[in-house]
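J.: I have a structure here, written as structure tokens, and I will follow up with some questions on it.
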Amino acid sequence: FAMNETGGTNYGNTSANINVTGNVSVTGGTLDMTQCSANNAAKGIGNLFLKGNLNVVSPGVITETSNASSGVITFNGTSVNQTANDQTNITNSVDVVVASGAVLQTDTIILTSDGNFTLSSGGGLQIGSTAGITKTTMAGNIQSKGTRSYSTGADYTYNGTEAQVSGDGLPALVRNLTLNNSSNLTLTNSTDASGTLTFTNGLFIATNDTLSLGTSTLSLGTLNRVSGHVVGNFRRWIANATASNILFPVGTLSYYNGANFSFTTAPTAGGTITCNFIATG
């Protein structure tokens with residue numbers, strides 16, 4: 001199935017758009033997103049806009065065979081989480097984009113091609129790999145050989161079933177961050193949630209880094225804790241006003257010992273407090 005045939009003079013900047021409100025499954029044969037021979041990267045682009053799930057299983061392949069053009073798979077669903085299962089059967093210059101409002105669930109599947117990966121601002125990524133997400137190394141859920149872009153305005157959920165590391169692809173600033181893994185998550189680097197930080201299950205291990213909530217006295221962020229805590233450094237912004245029961249969910253690998261801070265007179269300018277529970281004796 002060729003979305004764009006050979007040729008070039010009759011192609012516009014985006015010559016073929018396919019919109020799918022359900023799922024796309026390629027289990028045999030080849031979906032060739034472009035065969036354009038215009039020798040122009042702006043022509044003959046094959047766009048697949050997908051609101052459902054993607055399933056690409058050998059011997060099925062999604063690819064492109066153009067000298068200069070490319071294919072783009074855009075997850076743009078809004079009602080439910082979307083899943084991707086490609087088993088490394090997306091090849092050549094095919095980009096993957098998670099649009100604003102879409103949430104892509106990867107489980108332990110590896111998304112790879114010679115193209116780029118973009119998690120847009122307002123989009124979400126559910127990460128199941130033990131290696132998390134990475135910038136350039138061939139590890140984790142996203143292993144595109146092109147540029148990998150993870151927006152600071154996106155949402156990140158770690159929901160693996162084995163112990164995970166966040167990976168160096170997790171930005172230093174994110175919108176919402178969620179942990180739902182009873183086997184725990186170790187931060188590869190310090191990160192700050194500007195919106196909501198959710199503890200559903202498992203431990204954030206930040207012994208060498210810092211997990212933060214909020215970005216200023218005017219943007220404190222929201223803590224949503226069901227179960228779990230931070231082992232290591234947890235920082236929160238405090239407003240320049242009186243406040244009570246500001247929770248710092250910290251503890252050790254073995255038990256939870258959260259602290260609630262209250263102020264009758266907060267610092268005039270506000271600021272941050274970093275908390276780390278250290279067991280003695």
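The values are calculated or read from the model by the stated rules, or taken from the named source; none is laboratory data. The structure displayed is predicted, hence computed values, not measured ones. Cβ sites come from the backbone with ideal geometry, for glycine too, and all protein chains shown count toward neighbours. With ligands, DNA and RNA removed, areas are computed over all heavy atoms of the protein, side chains included. Shrake-Rupley method; radii C 1.70, N 1.55, O 1.52, S 1.80 Å.
J.: Across segment 251-278, which residue is surrounded by the fewest Cβ atoms within 10 Å (Cβ to Cβ) among those that are touching a strand residue (DSSP E or B) at 6+ places or on another chain (Cβ under 9 Å) and among the hydrophobic types (A, V, I, L, M, F, W, C)?
T.: Taking the candidates together, the pick is Leu253.
J.: Picking from Ser212, Ser194, Ser227, Ser216, which residue would you name as being farther than 28 Å from Thr161 by Cα and either surrounded by 21 or more Cβ atoms within 10 Å (Cβ to Cβ) or among the polar types (S, T, N, Q) (or both)?
T.: Working: Ser212 fails: farther than 28 Å from Thr161 by Cα; Ser194 fails: farther than 28 Å from Thr161 by Cα; Ser227 fails: farther than 28 Å from Thr161 by Cα.
Just a single option satisfies the conditions, and that option is Ser216.
J.: Okay, moving on. What number of residues within segment 37-63 are open to solvent by less than 40 Å² (accessible area, probe 1.4 Å) and either of a type in the set (Ser, Thr, Tyr) or touching a Phe, Trp or Tyr at 6+ places or on another chain (Cβ under 6 Å) (or both)?
T.: 4
J.: Still on this structure, I have one more. When segment 165-190 is examined, which residues are found to be open to solvent by 20 Å² or more (accessible area, probe 1.4 Å) and part of a loop (DSSP other than H, G, I, E, B)?
T.: Asp168, Ala172, Arg175, Ser182, Ser183, Asn184, Thr188, Asn189, Ser190
J.: A further question on this structure: Scan segment 4-18 and give yes if some residue there is surrounded by 15 or more Cβ atoms within 10 Å (Cβ to Cβ), part of a loop (DSSP other than H, G, I, E, B) and in contact with a Ser or Thr (Cβ under 8 Å, 6 or more places away or on another chain), otherwise no.
T.: yes
Condition check ((1) under 30 Å from Gln164 (Cβ atoms); (2) assigned to a loop (DSSP other than H, G, I, E, B)) across all residues:
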{"position": "Asn47", "(1), (2)": "no, no"}
{"position": "Ser69", "(1), (2)": "no, yes"}
{"position": "Val72", "(1), (2)": "yes, no"}
{"position": "Gly77", "(1), (2)": "yes, yes"}
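J.: Then there's this: Are there any pairs, at least 6 apart or on different chains, whose C-beta atoms fall under 6 Å, with the first in segment 132-155 and without any contact (Cβ under 8 Å) to a residue 60 or more places away in the chain and the second of a type in the set (Asp, Glu) and in a loop (DSSP other than H, G, I, E, B), and if so, which?
T.: Thr134/Asp168; Lys135/Asp168; Lys145/Asp114
J.: Give Thr130, Thr30 a once-over and let me know the one that is modelled with pLDDT of 95 or more, touching a strand residue (DSSP E or B) at 6+ places or on another chain (Cβ under 7 Å), open to solvent by 50 Å² or more (accessible area, probe 1.4 Å) and within 22 Å of Asn180 (Cβ to Cβ).
T.: Thr130
J.: Name the residues in segment 230-246 that are out of contact with any Phe, Trp or Tyr (no Cβ under 8 Å at 6 or more places or on another chain) and either buried (at least 17 other Cβ atoms within 10 Å of the Cβ) or under 21 Å from Thr191 (Cβ atoms) (or both), would you?
T.: Asn233, Arg235, Trp237, Ala239, listed by residue number.
J.: Taking into account only those residues within segment 64-98 that are touching a residue at least 60 places away in the same chain (Cβ under 8 Å) and closer than 12 Å to Thr112 by Cα, which is surrounded by the fewest Cβ atoms within 10 Å (Cβ to Cβ)?
T.: Once the filter is applied, the top-ranked residue is Asn89.
J.: Examine segment 39-56 for a residue that is at pLDDT 90 or above, β-branched (Val, Ile, Thr) and over 19 Å from Ala2 (Cβ atoms), and state whether such a residue exists.
T.: no
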